[in-house]
Amino acid sequence: MIKNDLFLRALKGETVDRPPVWMMRQAGRYLPEFMEIKKKYDFFTRCQTPELASEITVQPIRRYGMDAAILFCDILVIPQAMNIEVQMKPNFGPYLPNPVRSQKDVDNVIVPDVKQELSYVYEAIKATKEKLNNEIPLIGFAGSPWTILCYCVQGQGSKNFDKAKEFCFTNPIAAHQLLQKITDTTIAYLKEKVKAGVNAVQVFDSWGGMLSPVDYQEFSWQYIQQIIDALKDETPVIAFGKGCWFALSDMAKSGASALGVDWTCSARNARYLTGGNITLQGNFDPTRLFSPPSEIKKMVHQMINEFGKDKYIVNLGHGILPNIGLDNAKAFIDAVKEYEA
């Protein structure tokens, strides 16, 4: 049994003394101990070497003692496994030299044997579980099919993913075929993660907010719903759509255990839109971690008061930024641990 199960209890909606806390992207780039590893190994080597991935996963836990760990990996290991080349270029980000732009390109995308192609991820989970020694739960994750499609079609990061949207609107049959292939791969991948030992999974729809509410239903949400349906009986599922406040009422009926909220949606609106019965996670603006530690603590306590301590997981509204001070990150975590209702 997991010694600190606060995170899992919050996912079940149980009454707690204080909410649990973790931070998206907590394993990585703001930590000096991570930067030491980064100097020696390139990005995908870190993802694909179980000893490195597990070490990076537990680094923030050793330093700050969050209530959950999230496996160090990347959402783009899915397209890599599907026969799509993905590179990570320093000071640039993801780069896909052969983006998917036609029906023929979609036909060349495979639904892989995830056990074989992504075995390094499951090995990293097992190694991480050993290091965590049942102290806290481990979260596995995947990108939403729409967010993965954005990179596959655009070929790189983007402010508006115009090429990805153009592909969906001019070639919807091919787009839906690609989305379904990504969905099928993601479901198989997450099921294997659960078998390997993760205690919950999160689906990141980082670019869902690029779509109008109507297009969101067609090109993103219906595929996330398939993932939730396939996994909810096996493990708690957290759905996080950045900029997707307009879909919160549908998300609340999905069978997900919790919904992530970004900083553009207030606690009050999030509770109202979701009907007040589902666990929410978020929504501290990551840039607010530049505020002085004393101010961070005040803001975190206010945030907990607004969401309520139950059915709530304290987190950022997106990933922690690389240049956040260590004391500022500590103030965020400590504020939650010191919280008294």
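The values are calculated or read from the model by the stated rules, or taken from the named source; none is laboratory data. A quick note: this is a predicted structure, and the numbers were derived from the prediction, not measured. For neighbour counting, all protein chains shown are included, and Cβ atoms are generated from backbone atoms with ideal geometry for every residue, glycine included. Note: accessible area is taken over every heavy atom of the protein model, side chains too, but ligands, DNA and RNA are not part of it. Shrake-Rupley method; radii C 1.70, N 1.55, O 1.52, S 1.80 Å.
Numerical summary
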item: Probe 1.4 Å, accessible area per residue of segment 175-305, Å²; result: 38 Å²
item: Carbon + sulfur, % of accessible area of the chain - ligands and nucleic acids excluded, 1.4 Å; result: 49 percent
item: Sites Asn134 and Thr15, calculated FRET efficiency, Cβ-Cβ separation with R0 30 Å, nearest 0.05; result: 0.85
item: Spin-label pair Val214/Val194, simplified geometry with 7 Å Cα→Cβ offset, distance in nm; result: 3.5 nm
item: Alpha-carbon Rg with Dmax, taken over segment 60-159, Å; result: 16.1, 49
item: Where labels lie 7 Å past Cα in the beta-carbon direction, separation of Tyr272 and Lys330 in nm; result: 4.0 nm
item: Most to least packed among 120-133, 292-305 [average Cβ atoms within 10 Å]; result: 120-133, 292-305
item: Computed lengthening from Glu338 to Glu234, 0.36 nm per intervening residue step minus Cα-Cα distance; result: 34.2 nm
item: Scattering profile of the chain at q = 0.07, 0.10 Å⁻¹ [log10 I(q)/I(0), Debye over alpha-carbon scatterers]; result: -0.26, -0.55
item: Listed residue pairs exceeding 20 Å between alpha carbons, taken from Lys242/Lys297; Lys232/Lys311; Lys159/Lys330; result: Lys242/Lys297; Lys159/Lys330
item: Charge dipole magnitude, Cβ of K and R +1, D and E -1 - the chain, Cα centre, debye nearest 20; result: 460 debye
item: Dimensionless Rg over Rh [segment 1-44; C-alpha; Kirkwood]; result: 1.20
item: Average accessible area per residue (Å²) across segment 1-154 - probe 1.4 Å, nucleic acids and ligands excluded; result: 42 Å²
item: Lysine-lysine proximity count for segment 1-103, Cα under 19 Å, sequence distance 8 or more or distinct chains; result: 4
item: Whole-angstrom Cα spans of segment 1-118 along principal axes, big to small; result: 55, 35, 25
item: Rough spin-label spacing in nm, given labels placed 7 Å along Cα→Cβ, for Lys104 and Asp42; result: 2.8 nm
item: 17 Å Cα-Cα reach of Lys309 towards aspartates and glutamates, excluding residues that sit fewer than 8 places from it in its own chain; result: Asp5, Glu14, Asp17, Asp67, Asp334, Glu338, Glu340
